[in-house]
Amino acid sequence: MTTTSEPAPQPRTSAPGAQHRTRFFDHRIPSLYAGRYRIDNRQTLKDVDGADRIVDATPQPFDVVQPRFSFDPTGINAQFPVPDAVGTYSQTLAHINLDAPGLPWARLLGDGQPGAVPWMALLLFREDELPEDPYAVGLVKTGTVRELLDGALGAGAVPVIDPESMRPDEYDEQCATVLVPAALFDAVKPLPVEMGYLAHLREGGRPDATRANSTPEPDEGELNAVLVANRFPAAAGGRHVVHLVSFEGHDRYLTAPAPTEGLRLVSLVSWSFTTESHSGVGFGDLAQHLAATIDPTSDEVIARPADELRLRVPLQAPANPSAPQAEALSRMAGGAVALPQRLETGERTLAFYRGPLTAQPAQELPPPAATRLDSPGEALIYLQQYGVFDTSYAAAFTTGRTLALADAEFRSALMEFRSAARTAARRLASHPELTARAATALTARHLTAPLAFEAFDRLLVDGDTRSGGARLVQALDQAGPQLRAGRRRTAARARRSLGDARAVLAQPGVAALLTQAAPDPFAKVTAWLNALRRLELLSLSHLVPDPRALPEESIRFAYLDADWVRAAVDGALSIGVGHTLDADLNKLATGGGPVPKCAVLINSSLVPNWPNTIVTAYKGTEVVEPMREAVFGTEIRLALFPEVIDRFELAEPPRGLCFGIGDLGTIELREITGDRIGSPMGEFPPPPPADDSRFRRFLRPGGRDVLNVDGTGDALLPALSRAHGLEETERISSAEFALQMINAPQAQTFSRP
């Protein structure tokens, strides 16, 4: 894709640009929490002569009703991972999206807890952790609220709820519960302050770019409450279950050890999914490896040299190459390989060969080569000074001819078209009156219509229009005397020659008309040749003659040699050519579709593992759509483009907005102020070291992969706050924390300056 004078595409890792607006808000604290209330009204009557009289009105009780022990599942907007999903989720924090934006803050968690702390949280459990659900499939104990509070649903401390806060009808509601052992609960429970950061509001809306001078009020119809789990699924894989639990009546155990019998928690929602074993290599790792490598001396990520991004065999050139060596290096730098060759005389030598893809723009062929090729020998390039051949175009001719001979349908269509076009050309040469007509008046019907019938029809209508058939009557009257006199009239037979038929092809409009002599076969021929121009009929060995040019886990850019493709087309059309007229008729089929101008080849496990990877190419600022995309085997992907592109991007398949860490063991810091809110600021934590252990320091000890949001030790929240330049006592908000934890799809960009 690059020349020696131009820089190779340079790599850059980023996240794909957002296509819609998403805003985050901290919380929604209600004006009145869910619960039971009473309105008391007292009036005081002032007595001018005596004591005041107090009149108490009848108390007016009322309830603020919100879901407490269960809620309608239709109120769930989204869950991630989706229920029963199977995938690699070990770097993702599960979350749930609720339609009711104020539900997590609808009631106080407990006495003394701030309103920003929700009363519910999302907990994730693995197999063999919950005694009543050892396979993590979502089993729960169900019963009435009364049975729960009475301890009739099984072991575990039940929530302690003030009876005066209970409505009578609540006791008969059905609820689902789960028993969490004490040690497990203490290991995975979020702190109240962490619960405030693991819940936020999300708004999706119009793509207005969230500018500082454009901060519209939240769209109530687009607001959702989001709760995020504080624990990562196991990297080893396995089944997991997620429970949205209520901590009402259990809030004291969030900061104190759980009772030895464990806790029986109300499960408002639960779902399960399966995560596959994570090898430690993800999309970001693989995509970055295509473009960059690790400097062994500094452990820094550096861009690969430009030569490594070109489709050619790596070379170790001598310091001062001789003239023959320089010639060989020049051809191999363009993508050619040296292969053994045996000449017709039996001699053995070396020859250069390359396919249609070149590492540098192919040199223009000299003018004599602009004519069509009739044999592979005409396409051989002889390097007389060194006594070797370049067989690239000769091999292209032979390849096209071999492909044509192997396709019976194409052969039949080509022969049928040529036969019909030959007949039509000879007819036009035999009847000058046809070719004398204006090109616009000549139609395909004249190529096949019975001319004798047409001549008889003209004989009937020629002459005086008032007495049609005058010429016929006159001819009949004269026929008898002429026969008796021995005079016979014989029509002059036109002599048809090959030269006359070839000359007809040069007349205006005739060439286009001959393609209509057999329209269906001609359409098949042109469609087949267009497929050849798009390289659809070629195998990978034609495109990459030496596998060293496209090693495992690599990306290569290449130009397309239009002359190589033209030689292959000439070879396909060379079958069945009996004389020069057939060769001239071949020209009618050579004006097909365009030839691609550049190609991108990827040999990577990205291809089978991320089959929906988004490939985008740019010419300047315009997107260039690929002419063709194909997969060879399981791990090699080809993309052909009609223009030489300036930028190429590989983007991870889109997914729902989720939270977690990236494939490189980091998160993407994002702006939280100004007019670029959400714009990337770089990876966090910064290197070194460049491995997935960077983020593990923010996990709680104990090996359960629980995120230390704001607990003791090395907590994530203060580290993120410091990264944004805040003082030691300051913290980013829950909405800003959510913005940092977005696990966006990764992208890798290659660009030419």
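The values are calculated or read from the model by the stated rules, or taken from the named source; none is laboratory data. Just so we're clear, the structure is a prediction, and the values are computed from it rather than from any experiment. Because the Cβ atoms are built from the backbone with ideal geometry, glycine has one as well, and the counts that use them run over all protein chains shown.
Of all residues in the range 532-575, those satisfying the criterion of being out of contact with any strand residue (DSSP E or B) (no Cβ under 9 Å at 6 or more places or on another chain) and either of a type in the set (D, E, K, R) or over 15 Å from ARG354 (Cα atoms) (or both) are LEU532, ARG533, LEU537, ASP563, ARG566, VAL569, ASP570, GLY571, ALA572, LEU573, SER574, ILE575. One residue stands out among those in the range 642-682 that are basic (Lys, Arg) and in contact with a Ser or Thr (Cβ under 7 Å, 6 or more places away or on another chain): the one that is surrounded by the most Cβ atoms within 10 Å (Cβ to Cβ), which is ARG670. Filtering the range 48-73 to residues that are more than 27 Å from HIS250 (Cα to Cα) and of a type outside the set (A, V, I, L, M, F, W, C) leaves ASP49, GLY50, ASP52, ARG53, ASP56, THR58, PRO59, GLN60, PRO61.
In the range 347-355, is there at least one residue being within 30 Å of the chain's Cα centre (by Cα), surrounded by 15 or more Cβ atoms within 10 Å (Cβ to Cβ) and assigned by TED's automatic domain parsing to the domain that holds ASP563?
So in the range 347-355, the residues within 30 Å of the chain's Cα centre (by Cα) come out as 355.
Filter once more, so that each one left must be surrounded by 15 or more Cβ atoms within 10 Å (Cβ to Cβ): 355.
Narrowing the set further to residues that are assigned by TED's automatic domain parsing to the domain that holds ASP563 leaves 355.
Yes: the range 347-355 contains one or more residues that are within 30 Å of the chain's Cα centre (by Cα), surrounded by 15 or more Cβ atoms within 10 Å (Cβ to Cβ) and assigned by TED's automatic domain parsing to the domain that holds ASP563.
Of all residues in the range 626-674, those satisfying the criterion of being part of a strand (DSSP E or B) and of a type in the set (Val, Ile, Thr) are VAL631, ILE636, ILE667.
Listed conditions (1) more than 25 Å from the chain's Cα centre (by Cα); (2) in contact (Cβ under 8 Å) with a residue 12 or more places away in the chain are all met by GLN288, apart from (1). Among residues of the range 21-40 that are in contact (Cβ under 8 Å) with a residue 24 or more places away in the chain, those with a Cβ under 7 angstrom from a residue that is of a type in the set (S, T, N, Q) and assigned to a loop (DSSP other than H, G, I, E, B), sequence gap 6+ or separate chain, pair up as ARG21/THR210; ARG23/THR210; ASP26/SER733; ALA34/GLN66. Is the range 297-315 home to any residue that is buried (at least 23 other Cβ atoms within 10 Å of the Cβ), modelled with pLDDT of 85 or more, not in a loop (DSSP other than H, G, I, E, B) and not aliphatic (A, V, I, L, M)? Scanning the range 297-315 turns up at least one residue that is buried (at least 23 other Cβ atoms within 10 Å of the Cβ), modelled with pLDDT of 85 or more, not in a loop (DSSP other than H, G, I, E, B) and not aliphatic (A, V, I, L, M).
Every condition in (1) crowded, with 21+ Cβ neighbours inside 10 Å; (2) free of Cβ contacts under 8 Å to residues at least 12 places away in the same chain holds for VAL241 except the one numbered (2).
Within the option set ALA531, ALA512, ALA527, being assigned to a helix (DSSP H, G or I) and within 25 Å of the chain's Cα centre (by Cα) holds for one residue only, ALA531.
LEU601: touching a strand residue (DSSP E or B) at 6+ places or on another chain (Cβ under 7 Å) and either farther than 20 Å from SER554 by Cβ or in a strand (DSSP E or B) (or both), yes or no? When the stated conditions are applied, LEU601 passes them.
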